[in-house]
Every structure is written in structure tokens, then in C-alpha cells.
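The values are calculated or read from the model by the stated rules, or taken from the named source; none is laboratory data. As the structure is a prediction and not an experimental result, all values here were calculated from the model. With ideal geometry, Cβ positions are generated from the backbone for all residues, glycine too; neighbour counts draw on all protein chains shown. When the accessible area is computed, the model is the full protein with side chains, heavy atoms only, and any ligands, DNA or RNA have been set aside. Shrake-Rupley method; radii C 1.70, N 1.55, O 1.52, S 1.80 Å.
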Amino acid sequence: MKKHRFHISREIRQHMDTFDLFSEPEAGTADAVEDTQQGLQEERCMEAATGNRTQGAGMEAISRTHIGCIRKTNQDAILEAPPLWGVADGMGGHRGGETASAMCRDGLIRLLRDRDTDIESLINAVRIVNRRIHVESEDNKELAGMGTTLTCVWVGEDTINIAHVGDSRLYLLREGVLRQVTDDHSMVMEMVRAGILTREQANNHPMRNVITRAVGTEREVEVDGLCEARKPGDVWLLCSDGLYGQVSEDRIREQMMQDSLEEASDTLIRLALEAGGPDNISLVLLRDVEGLA
């Protein structure tokens with residue numbers, strides 16, 4: 001019988017090494033630790049999401065990010081440099097995830113600022129950023145193995161240019177119909193596409209968070225480049241798995257139908273937190289107000 005192999009990160013190994021697995025805890029210690037952890041989780045869930053309202057390229061945009069209820073840091077980064085928007089979900093333990101997602105965000109903004117939008121330039125910029133993150137991870141032991149997902153849109157006059165690596169997502173709501181535009185680069189979704197798992201089985205699979213592609217983990221990266229025609233009234237959602245992993249697509253669609261993007265984004269964050277908020281939660285909602293008729 002084949003067995004799944006689980007990867008244990010350096011951060012987790014370091015935490016494991018600090019515990020004496022064979023000693024008995026002192027009386028009351030376990031309860032005190034549990035109470036402290038619960039208190040910290042409640043504090044994090046009570047924190048307000050941060051975000052911005054931006055406009056540009058005929059788009060109304062709202063962003064939100066929240067640390068969630070469990071994580072100690074927020075390793076997500078939001079790209080907001082109209083006509084460029086996106087979400088990067090970092091990984092790498094200690095400060096690697098934060099560094100990778102921030103480098104991805106800042107690098108793309110520098111490379112694409114004041115340039116004409118086209119899909120080839122967008123993909124090339126992601127590849128350049130990938131190499132820079134990878135070199136940094138090799139040169140700095142504290143950042144070894146860091147990487148990040150990336151899902152971003154670069155809005156042109158009549159086209160939405162899309163670059164995608166990893167398991168953050170882009171959704172499109174058009175005339176009431178919600179569609180997932182990007183494909184997850186994850187182990188379980190590879191099995192879904194191969195017919196080995198159903199989507200329902202994938203949602204509860206123990207390896208659902210294992211991704212097969214990321215920015216910065218290898219010297220070269222394969223980037224999914226997509227183009228979608230603009231249409232007035234379209235609503236786009238870029239989000240990390242901290243959102244869609246906790247909130248159903250029916251609930252996501254329900255909120256994207258709202259007139260107020262601000263209320264929709266706040267409600268989506270709240271729903272993810274009410275579901276436990278085990279991961280960082282980030283999103284960008286865009287409404288096309290000038291697309292081609």
C-alpha cells in the first residue's frame with residue numbers, strides 16, 4: 001500500500017525540538033497553555049482587517065487582509081498599484097513567507113510601473129521576480145526555501161491580463177454566474193484533474209494545502225498566463241486560500257452580488273473568521289465600471 005509522504009517544515013521541526021516528549025507536564029500546565037492559546041486566538045479574531053480602496057483603469061477596488069485566528073504573523077501581501085492588483089501568499093517559516101510575498105509584490109510593482117499592459121511583459125516580470133526571490137533564499141540561510149503564491153491581474157484597455165502561480169485564486173462574477181478563472185497548482189487539485197479525487201474529497205484531503213508550484217522555490221517557474229475580455233459590471237475576486245478554504249463558493253457569489261464592495265469584503269473576512277480562521281485571509285474585489293460593452 002502506498003503511503004502519502006508529508007513534508008515537515010524547518011519551523012515545525014524547530015518547534016518539535018524544543019519539547020521533551022517523554023516528560024510529564026506539571027499539574028495545571030496544560031490547562032494554562034490551552035487558556036493562553038485560546039485567549040490569543042480570540043484576540044486575533046477580534047482584530048480588524050486592514051485594507052484600502054483604490055481606483056484606476058476603470059476599476060473600483062477594495063482590498064482586505066487579516067492575520068486570522070491561529071497564525072502568529074500575516075505572510076500574505078496585497079498588490080495595489082492600479083492597473084495592477086493581486087494577492088501573494090507567502091511560505092517559508094520564521095520570516096521567509098513574509099519576505100517572499102513582499103518581494104513578489106514590490107518587484108512586480110517596480111517592473112511594471114508605467115508600462116503598457118500586455119501578457120508577455122507580465123509573465124516575464126513574474127519570472128524575473130521568481131529568480132530574485134530564489135537567489136535571496138539561497139544567499140540567506142534564514143530565508144532558505146521561501147516562496148509565495150501569486151495571482152494578479154494587470155488591467156488593459158479591453159483585456160484583463162492574468163498571471164497565476166500556486167493556489168491563490170481568481171474568480172469572475174459575470175451576469176450572476178461565478179467562475180473560477182485560475183487552476184490551483186496543488187497536489188489534490190492535480191488528483192482532481194486526473195480523476196483520482198472528487199472536488200468534495202479534495203476539500204477534506206489531508207494534503208490539500210500542499211502546492212506543486214510557487215514563486216521563488218526554484219530558479220525557474222512555470223507561470224499560467226491568461227487573458228479575459230473586459231465587460232461592464234464584471235466583479236473580480238482575487239483571494240488567498242485562507243478565504244476560499246473556509247467560505248463556500250455559494251457564499252462567495254452571494255457577497256460578490258452586493259452593490260457595496262466594501263460591505264462584501266468585510267462580510268467575506270467575517271465569514272472566514274467565523275469558520276475558524278486557521279490561515280491568513282486576503283482578498284481584492286474589483287468591479288469593472290468602464291469595460292467594453
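Step by step: first the residues of region 138-148, then only those that are closer than 11 Å to residue 97 by Cβ and in contact (Cβ under 8 Å) with a residue 60 or more places away in the chain, then the one that is farthest from the chain's Cα centre (by Cα). Which residue is that?
Ranking the qualifying residues of region 138-148, first place goes to 145.
Counting only residues that are in contact with a strand residue (DSSP E or B) (Cβ under 6 Å, 6 or more places away or on another chain) and open to solvent by 30 Å² or more (accessible area, probe 1.4 Å), which one in region 252-277 is nearest to residue 289 (Cα to Cα)?
Here the answer is 262.
Looking only at region 78-93, filter to residues that are assigned to a loop (DSSP other than H, G, I, E, B) and closer than 19 Å to residue 214 by Cβ; which one of those is least open to solvent (accessible area, probe 1.4 Å)?
Looking at the filtered set, the residue picked out is 93.
Go through region 59-77 and count every residue that is out of contact with any Gly (no Cβ under 6 Å at 6 or more places or on another chain), closer than 19 Å to residue 245 by Cβ and in a strand (DSSP E or B).
Counting residues in region 59-77 that are out of contact with any Gly (no Cβ under 6 Å at 6 or more places or on another chain), closer than 19 Å to residue 245 by Cβ and in a strand (DSSP E or B) gives 4.
I'd like to check something: does region 197-212 contain any residue that is part of a helix (DSSP H, G or I) and crowded, with 16+ Cβ neighbours inside 10 Å?
Within region 197-212, one or more residues are part of a helix (DSSP H, G or I) and crowded, with 16+ Cβ neighbours inside 10 Å.
Would you check if residue 249 is free of Cβ contacts under 8 Å to residues at least 12 places away in the same chain, over 19 Å from residue 59 (Cβ atoms) and either loosely packed, with under 14 Cβ neighbours inside 10 Å or not aromatic (Phe, Trp, Tyr) (or both)?
Taking the combined requirement at face value, the residue does not satisfy it.
Within region 255-265, how many residues are assigned to a helix (DSSP H, G or I) and in contact with a Ser or Thr (Cβ under 9 Å, 6 or more places away or on another chain)?
Looking only at that region, the number is 2.
Would region 207-226 turn up any residue that is at pLDDT below 95, more than 16 Å from the chain's Cα centre (by Cα) and at negative phi?
Among the residues of region 207-226, at least one is at pLDDT below 95, more than 16 Å from the chain's Cα centre (by Cα) and at negative phi, which makes the answer yes.
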